[in-house]
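The values are calculated or read from the model by the stated rules, or taken from the named source; none is laboratory data. Computed from a predicted model, the values in this text were never measured in an experiment. Using ideal geometry, Cβ is built from the backbone for each residue, glycine included, and neighbour counts are taken over all protein chains shown. Ligands, DNA and RNA are excluded from the accessible area calculation, which covers all protein heavy atoms including side chains. Shrake-Rupley method; radii C 1.70, N 1.55, O 1.52, S 1.80 Å.
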Number of protein chains: 2
Amino acid sequence: MATKVFVFDGREGKAQADAMKEGPDISRLSALIGDPARANMLSALMAGKALTAGELAYEAGVSAATASGHLRQMAEAGLIEGVSQGRHRYFRLADEHVQRALEALMSLAAQKGHLRSRTGPRDPALRAARVCYDHLAGAQAVEIYEVLTARGLFAASSQGIALSTPGRAFFAQAGFDVAAMERARRPTCRACLDWSERRYHLAGSLGAALLQRVLDEGWAIRAPDSRVVTFREGGQGALAALLQLG
Amino acid sequence: MATKVFVFDGREGKAQADAMKEGPDISRLSALIGDPARANMLSALMAGKALTAGELAYEAGVSAATASGHLRQMAEAGLIEGVSQGRHRYFRLADEHVQRALEALMSLAAQKGHLRSRTGPRDPALRAARVCYDHLAGAQAVEIYEVLTARGLFAASSQGIALSTPGRAFFAQAGFDVAAMERARRPTCRACLDWSERRYHLAGSLGAALLQRVLDEGWAIRAPDSRVVTFREGGQGALAALLQLG
DNA sequence: GGGATGTTTCGGTGGCGACCAAAGTGTTTG
DNA sequence: CAAACACTTTGGTCGCCACCGAAACATCCC
């Protein structure tokens, strides 16, 4: 017993483990996400809409008191942000980093067979076209992204993807202020993994601008209490014409 | 009180929450990752090397008995895989999906200020060049990726990035069997977020082939007990010449 | 064979945290 | 102003899980 490598008495062990950590503290955030009630809240927030504390309590299946505690913890950890509005308090995911990490976890869980049920939203309208944060998602959005990609409008960049030279010209000609977008800090283009389709769609400031255009032009309207995007008669065609699809 | 929206009695709430889940069960895996001991083990495995149960127990700062239990749980959940070799049992991350999810969590934790200490590995040699799974990582790898990207060798694809037409020609001419890679199921190119640099480097079968070439040609050697890659005299230049850098 | 080393199983202990009810704070409505 | 509503805080209970020691396998080395 002379050469025992390390001793545990419940205290030294902990201290050593602490000293050993060098990377980011992955466990704190994961433990937060790991509670079923909190995970349900986060999943509900993945839709991109802000929800009240009461709605989140309902989603999680816990009492308002318990939910409040959970929300405080997640807000302190930087996973979510809450803004008070009257007697309600609205919560949303803090930023897209959180969204991306949750996406990765959901994708992993699905791939590992740890899924609780079917993939993605069951509502056909949701699968077809919906809002993801501030851009368009769903089968249509995936299709659009793939067609544009096949046309060579996006190039790989050190940050992910970016507009290629023809892409820059194309979107400028389509009426987007590409130059302003590329000056801003936010990435112009980002490939965002689609929740229901498991393929990519367009995000970033260009993706947001595209959704804005669709709504501004009245080609589609956003349902007030869901993230469904409903195209009006001719809206699809107008969007296809703008992007010169097929 | 006629229109009370929902009732909690502690049992209906739970049942309701279960029925409500539709997405993947994100909480199970997150709870596993959320324990500090398990998170330390996973962080240690992020280097890509297989480690024995004892080594992982030491990394986590827990007894061998406790570690064994943790490892069993993570293996059952599909996070890690263990192979017995003699009286040792070697564990590694199950696949690159796990790696990607952990990367996303580490990135998020770092960005949220939840880091326990400095970013990435402290060892300068590790920061410069190391192995990430089966490809090259570190400052050099990031630099290489950015130069190649700036030359337009990669294009955005529906799967992430892919070889552009000039890229395909370039690598074929450099002696890589590009056609075979693109026939295989594994993505030829993938942008992998670099642990220490926080920027992308090249992964996928092309990234693996590149590392293989570097090792085969004797331009660099892989240290036996770490993931450091040490370039020999002239190795850097030979690699730069192959890729026509600078 | 025997002894050292590595890993797992078993039994029992302890502590952390999720949970709710009830009371407290702030906001809207009548 | 009072009453209803939305949320948060407090106090206390309970269950789960990480943890260890000891013992049981398993494997290698001499």
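Quick one: in region B:73-84, of everything that is open to solvent by 60 Å² or more (accessible area, probe 1.4 Å) and touching a strand residue (DSSP E or B) at 6+ places or on another chain (Cβ under 9 Å), which residue is nearest to DNA strand D (Cβ to nearest atom)?
Only one residue fits best here, namely B:84.
Could you check region B:89-107 and list, in sequence order, the residues that are away from DNA strand C (no atom under 16 Å from the Cβ) and among the basic types (Lys, Arg)?
Once the filter is applied, which keeps residues that are away from DNA strand C (no atom under 16 Å from the Cβ) and among the basic types (Lys, Arg), region B:89-107 yields only B:100.
Closer than 21 Å to residue A:28 by Cβ, outside the structural domain of residue B:133 (by TED's automatic domain parsing), near DNA strand D (Cβ under 10 Å from one of its atoms) and among the β-branched types (Val, Ile, Thr): does that describe residue B:62?
Yes; evaluated as a whole, the condition is true for this residue.
Given (1) open to solvent by 20 Å² or more (accessible area, probe 1.4 Å); (2) at pLDDT 80 or above; (3) within 15 Å of DNA strand C (Cβ to nearest atom), where does residue A:51 come up short, assuming only one miss?
Condition not satisfied by residue A:51: (3).
Are any residues in region A:50-78 farther than 14 Å from residue A:35 by Cα and not in a helix (DSSP H, G or I), and if so, which ones?
Of everything in region A:50-78, those that are farther than 14 Å from residue A:35 by Cα and not in a helix (DSSP H, G or I) turn out to be A:50, A:51, A:52, A:63, A:78.
Checking the conditions here, which among B:78, B:86, B:113 is more than 13 Å from DNA strand C (Cβ to nearest atom) and at pLDDT below 85?
B:113
What's the number of the only condition in (1) part of a helix (DSSP H, G or I); (2) open to solvent by 10 Å² or more (accessible area, probe 1.4 Å); (3) within 10 Å of another protein chain (Cβ to nearest Cβ) that residue A:102 fails to meet?
(2)
Which of the residues spanning region B:56-73 are within 11 Å of chain A (Cβ to nearest Cβ), within 11 Å of DNA strand C (Cβ to nearest atom) and touching a helix residue (DSSP H, G or I) at 6+ places or on another chain (Cβ under 8 Å)?
B:57, B:62, B:63, B:64, B:66
If you take the residues in region A:7-43 that are more than 8 Å from chain B (Cβ to nearest Cβ) and either modelled with pLDDT under 90 or open to solvent by 20 Å² or more (accessible area, probe 1.4 Å) (or both), which one is farthest from residue A:222 (Cα to Cα)?
A:7
Matching residues to (1) at pLDDT below 75; (2) under 19 Å from the mean Cα position of the chain (by Cα):
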site: B:117; (1), (2): yes, no
site: B:121; (1), (2): yes, yes
site: B:134; (1), (2): no, yes
site: B:139; (1), (2): no, yes
site: B:144; (1), (2): no, yes
site: B:147; (1), (2): no, no
site: B:164; (1), (2): no, no
site: B:169; (1), (2): no, no
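Looking only at residues that are of a type in the set (Gly, Ala, Ser) and more than 14 Å from chain B (Cβ to nearest Cβ) in region A:138-184, which one is surrounded by the most Cβ atoms within 10 Å (Cβ to Cβ)?
A:138
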